[in-house]
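Written out below as structure tokens is the structure these notes cover.
The numbers here are math on the coordinates, done by the rules we state, and not lab data. What you are looking at is a predicted structure, and each value in this text was computed from that prediction instead of being measured. We place every Cβ from the backbone using ideal geometry, glycine too, and count neighbours over all the protein chains shown.
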Amino acid sequence: MTWLRICSGIVAALSSVSILVSMPTAYAETPGEAFCAENQRHLDKTNGEMPFEVNEAIAWITQQFNMSETEAVRLIDDVGETYWSGMNGRWEVKCHDQ
């Protein structure tokens, strides 16, 4: 009986972690929105110091949405821009649909 409680607790904890990890894409309707949200989360985590590297962004999109690298590059080009804000002293994301 004790093993059952321990296993149930572990499963519940792992389920919570997997839900939290997938949150940026969970609320997004399109791959573009998901990429913008993930890019913003990435910038917030580094206090605006480190935007997604192109190769890293392409890898993230291809893994999350099962896209080819060509489709991922088109998505990055179409979705918005990451730019340096001298006024704020950090990188910022501007998505076309926001």
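Give me D for region 30-98 in µm² s⁻¹, whole number, from Stokes-Einstein with Rh from the Kirkwood sum over alpha-carbon pairs, 37 °C and 0.692 mPa s.
For these conditions, the coefficient is 271 µm²/s.
Taking neighbour Cβ counts within 10 Å as the exposure measure, how do F52, F35, F65 sort from fewest upward? Write down the numbers at each step before the final one.
Details: F52 20, F35 27, F65 16.
In increasing order of surrounding Cβ atoms, one gets F65, F52, F35.
When V93, V54 are ordered from fewest to most other Cβ atoms inside 10 Å of their Cβ, what list results?
Ordered by Cβ neighbours within 10 Å, fewest first: V54, V93.
Along the Cα→Cβ direction, 7 angstrom out, place labels at C95 and T46. What is the inter-label distance in nm?
In this crude label model, C95 to T46 measures out at 1.9 nm.
How far is it, in nm, from the label point at V54 to the one at Y83 when both lie 7 Å from their Cα along the line to the Cβ?
If labels sit at V54 and Y83, their model points lie 1.9 nm apart.
Could you please rank M50, M67, placing first whichever residue has the fewest other Cβ atoms within 10 Å of its Cβ?
M50, M67
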